[in-house]
Structures are given as structure tokens and as C-alpha cells.
């Protein structure tokens, strides 16, 4: 076998491996985003119940509650892009966070069984969403690294792959969560 | 649960009369051990010398005789300190455990069942497993158990001779975890990245075929200390929140030994590789010495304190 033939086979093999690894990384990102999406949907499903339970009491937070309802209907629109979903999630997380803090100012709400139950469900879901977000970010980082690093960057640009956005991890997620305090509140 | 300084107080105040008596016993036992072993060694040496001169026995005989000598010395030593060891466990270790938490039970001759050890998937299944100092009970209504474990693998050489190598020797802790999970997450000390550097190390780790897929965590300090394998990427991160990762790093630093964690079934398994039998009385050092006392108090307090340290008592809603 001539040297040039061996060289062609080796180069071909390297190209195939690079191509496959890029496709695998892209699919991994998509797969994990599907899981994030499922968790986010679960949270959106809780919103109508939450709004209905707290709106009677929360006079001062009317606009935040309206924002939450609007965000939910935006999220439920068909054909919204992954980037939009990421942006909506960030807004929803901060709006829900402020509602949960505001609940502390309403003794009636704090004692309400239904609200307590919702609060716990949301807390649990937040933990799961946070895990899914972090997994997604890792998959995107691996994917984006491959897009920028030599030699896969040449192949990626030939395939038309574009870098993807990561979820912003809120500072509050990095803090120690005191579950006892949340529940006893 | 008592804190460490309360425990140290308890060790020196309440246990002091017993300790003093036991330390006297220790001196007697030490004297007897030296006497008996010196006498035995003398006779054994003389006999070996006689047999070597009497016939043309070679190096093999000398080697075999050496092995037999070590085995007999070990046996005699264990026999001589047996009563002293038992007395120490009954009068010092047991009260210490009850002082930390009265709801815990202690059995000095038992160990964590092999089922738990195998299920943890931290190590390969052992051919021989023994241990002692089994503690079991509930802390803040969280089931907890731990003991000394020595797990060994059997090997056979070409001549059919058997030998054993240690898989794990140290403290093995099992406790109920505060979150629901369905898959397995295994956390091992990161030796590959430390030895071969980040690039080759992580390539080696991702190609470890005996484990599930490698999971990279988003905490640099944690990644430096540990390597995570799991069957579900998202669940591993659900278990390993930023808070828990910090706590695991702290636990590793505090113990000063290699630490292994696994999340299987509903439990967290923690294996701390001390490479020695814990909770055994010292023979050559005084029991009244501060350093000796603190070793027992520290280890017990750390093992029993795991529930509060890792906040296993703060269950999420779904687990209530």
C-alpha cells in the first residue's frame, strides 16, 4: 500500500471522527434541552393555581402576578425558539422569586395550606430545574468548545454550526438554601 | 447531639476513673506482651537455628519459618490483648457513642452488612469482608449506620497459592438521603487528573469502561478533588447541588483521608479510607493523652455528625 493511500485513509478517518463527535455534541445539547423544557413546563403548569391562590391577598403585587401570567402565556405559544425559552425562564425565575419573598408579608397566606403546598412544589421544581439548567450549560460548553477549538472549528464552520447560549445561573442558586427556614416560614 | 468540646469534657470528666483503671490494665498487658513475645521469639529462634544446622535445609525453609513466626506472633498478640480491647470498647467507646446520641446502638463485633457495601458500587465486590464497631440508629429520624470495614480480594498465583489484597479499609457510613432519586451517582477521589494533568486525566476518566458516563461538575474545587460517574446527568446535578458539593469538599478536608461517596437506592454511602482499624485501644501510648482521646472523639463525632453536617435531616417536600 502506498504511503499516500495510507495518508488519505488516516485523514478520512480523522474527518469522520470529528464529524461524528460534533453531531453527538449537538444532539446532546438538544436532548438535554428537552429535559429542561419538561421541567419548565411543570413549573408553568403550577402558575394558574398559584396566581389564583395568592391574588386575593396580594394587592401590592398585582403587576408582578400579571407579569407571571403573561410570561406563562408567552411560554405556551407554539414555535418559540430555545433562546426565547431561556430568556422567559430567567424572567419567570426572578418574578416567582419576588412573589415567594412577598408571601412572607401576608400572615394569612403563610398559613394557607394550599399556598404552602404550592410553595413546596415550586421549591422542589426549582431544584430540579436548576439541575437541568446546569446539565444543559455543561453540554453547551462542550459544544461551544468544539466549535472554537482547533481542529474541530474548521469542520464545525463547514457544517454551519453556530455557538449556543447558556442559562444564566442566578446568584441565589449558588447560595446555601435553608429548606427548614423556607418550610417553617 | 453533643458538640466536640462537650464530648472532650465527657471523655475526661465522666470517663476519667474508668480510663485511669484501664490505663493501668494497659501497662500490665503491655508488660505481658513484651515478656511472652520475647520468650517465644527466643525459643523459636533457637529451634530454627537447631533445625538449620541439623539438616541441609535451605532458604525456602527459612522463609517459611519466618511466615509461621509472624502468624504465631500475631495470634499470641491478639489473644493477649483480647480482654483489654473488649473492656475498652465496653467502657469507653460505648458510653462515648451514647453520650453523642442516646438513640444509637452499638455492637463491637458486628459490621455494616456486606449487602450495603456491594450495593454502594464504590469498590469491586470483595471475596472476604470483615469489620467491627457497628453503630446503628436514627439521628433526627434519619436512619444511619456505620462501622469499620476491611474488604479484601482473593488472588491465586500460578502455583495455586492464595493471597489477599485490600480493596478498602476504613470507615463505611450509610445514611438515608434527603432527596428522591432513581439512578446511580458515584463520586471517587480524583487520582487520574492529579497524576496525569487535566487533559490526559479527564480523557482517561471518560474512558473508564467499568463505570457509567463521566459527569463534569460546575465547581472547580470539587472537580479537582473528585470525579463523578453517573447513569443520569441531570439527576447527578440534582443530588450534587452547589451547597452539597461545598460540604463534601469540607468533609474530605476535615477527614484528611481519601473519601468516596455514592448515591444508590435511597441512601448516601460514604467510605473513608483510613487504612487502619479504628476505635481500637492503644497499647504503647497512654489512654489519658489528649491526642489519643481526640482521635476517638473526632472520628465518632464526624461519623455521627454526618446527618447534620450534610443536612440530611432537611428533607425536600417530595420526600416528606
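The values are calculated or read from the model by the stated rules, or taken from the named source; none is laboratory data. Everything numeric here is computed off the predicted structure, so don't read it as measured data. Cβ atoms come from the backbone with ideal geometry, glycine included; neighbour counts cover every protein chain shown.
Scoring residue B:257 on the criteria (1) out of contact with any helix residue (DSSP H, G or I) (no Cβ under 9 Å at 6 or more places or on another chain); (2) more than 14 Å from every other protein chain (Cβ to nearest Cβ); (3) under 17 Å from residue B:101 (Cα atoms) leaves a single failure, condition (3). If the condition is being touching a helix residue (DSSP H, G or I) at 6+ places or on another chain (Cβ under 8 Å) and either more than 11 Å from chain B (Cβ to nearest Cβ) or outside any helix (DSSP H, G or I) (or both), then region A:125-156 contributes A:140, A:143, A:146, A:147, A:151, A:152, A:153, A:155, A:156.
Quick one: is residue A:26 assigned to a helix (DSSP H, G or I), at pLDDT 85 or above, under 30 Å from the mean Cα position of the chain (by Cα) and loosely packed, with under 14 Cβ neighbours inside 10 Å? Against the criterion (assigned to a helix (DSSP H, G or I), at pLDDT 85 or above, under 30 Å from the mean Cα position of the chain (by Cα) and loosely packed, with under 14 Cβ neighbours inside 10 Å), residue A:26 does not qualify.
Within region B:182-208, being over 19 Å from residue B:238 (Cβ atoms) and within 27 Å of the chain's Cα centre (by Cα) holds for B:188, B:189, B:190, B:191, B:192, B:193, B:194, B:195, B:205, B:208.
Of the residues in region B:153-174, none is within 22 Å of residue A:128 (Cβ to Cβ), modelled with pLDDT of 90 or more, in contact with a strand residue (DSSP E or B) (Cβ under 9 Å, 6 or more places away or on another chain) and crowded, with 20+ Cβ neighbours inside 10 Å.
When the helices (runs of 4 or more DSSP H) confined to region B:213-320 are screened for residues that are surrounded by fewer than 18 Cβ atoms within 10 Å (Cβ to Cβ), those reaching at least 2 such residues are found at B:220-225, B:242-255, B:290-309.
Can you pull out the residues in region B:52-74 that are over 23 Å from residue B:283 (Cβ atoms), free of Cβ contacts under 8 Å to residues at least 12 places away in the same chain and either touching a strand residue (DSSP E or B) at 6+ places or on another chain (Cβ under 6 Å) or in a helix (DSSP H, G or I) (or both)? Passing the criteria: B:52, B:53, B:54, B:59, B:60, B:61, B:63, B:64, B:66, B:67, B:68.
Answer yes or no as to whether residue A:142 is surrounded by fewer than 18 Cβ atoms within 10 Å (Cβ to Cβ) and modelled with pLDDT of 85 or more. Lay out the reasoning, then the answer.
Details: surrounded by fewer than 18 Cβ atoms within 10 Å (Cβ to Cβ): yes; modelled with pLDDT of 85 or more: yes.
Yes, satisfied.
Look at residue B:205 and say whether it is surrounded by 15 or more Cβ atoms within 10 Å (Cβ to Cβ), touching a strand residue (DSSP E or B) at 6+ places or on another chain (Cβ under 6 Å) and assigned to a helix (DSSP H, G or I). If you could, list the steps in order and put the result at the bottom.
On the way: surrounded by 15 or more Cβ atoms within 10 Å (Cβ to Cβ): yes; touching a strand residue (DSSP E or B) at 6+ places or on another chain (Cβ under 6 Å): yes; assigned to a helix (DSSP H, G or I): yes.
Against the criterion (surrounded by 15 or more Cβ atoms within 10 Å (Cβ to Cβ), touching a strand residue (DSSP E or B) at 6+ places or on another chain (Cβ under 6 Å) and assigned to a helix (DSSP H, G or I)), residue B:205 qualifies.
So, in region B:16-38, exactly how many residues are surrounded by 15 or more Cβ atoms within 10 Å (Cβ to Cβ), closer than 30 Å to residue B:139 by Cα and over 25 Å from the mean Cα position of the chain (by Cα)? Qualifying residue count for the region: 1. With respect to the stated conditions, residue A:55 is out of contact with any strand residue (DSSP E or B) (no Cβ under 9 Å at 6 or more places or on another chain) and within 30 Å of residue A:106 (Cβ to Cβ). Tell me, yes or no, whether region A:103-114 has at least one residue that is modelled with pLDDT of 85 or more, more than 14 Å from chain B (Cβ to nearest Cβ), more than 26 Å from residue B:239 (Cα to Cα) and loosely packed, with under 14 Cβ neighbours inside 10 Å. No, the conditions are met nowhere in region A:103-114. Is region B:113-123 home to any residue that is in contact (Cβ under 8 Å) with a residue 24 or more places away in the chain, buried (at least 18 other Cβ atoms within 10 Å of the Cβ) and closer than 30 Å to residue B:87 by Cα? The answer is yes; a qualifying residue exists.
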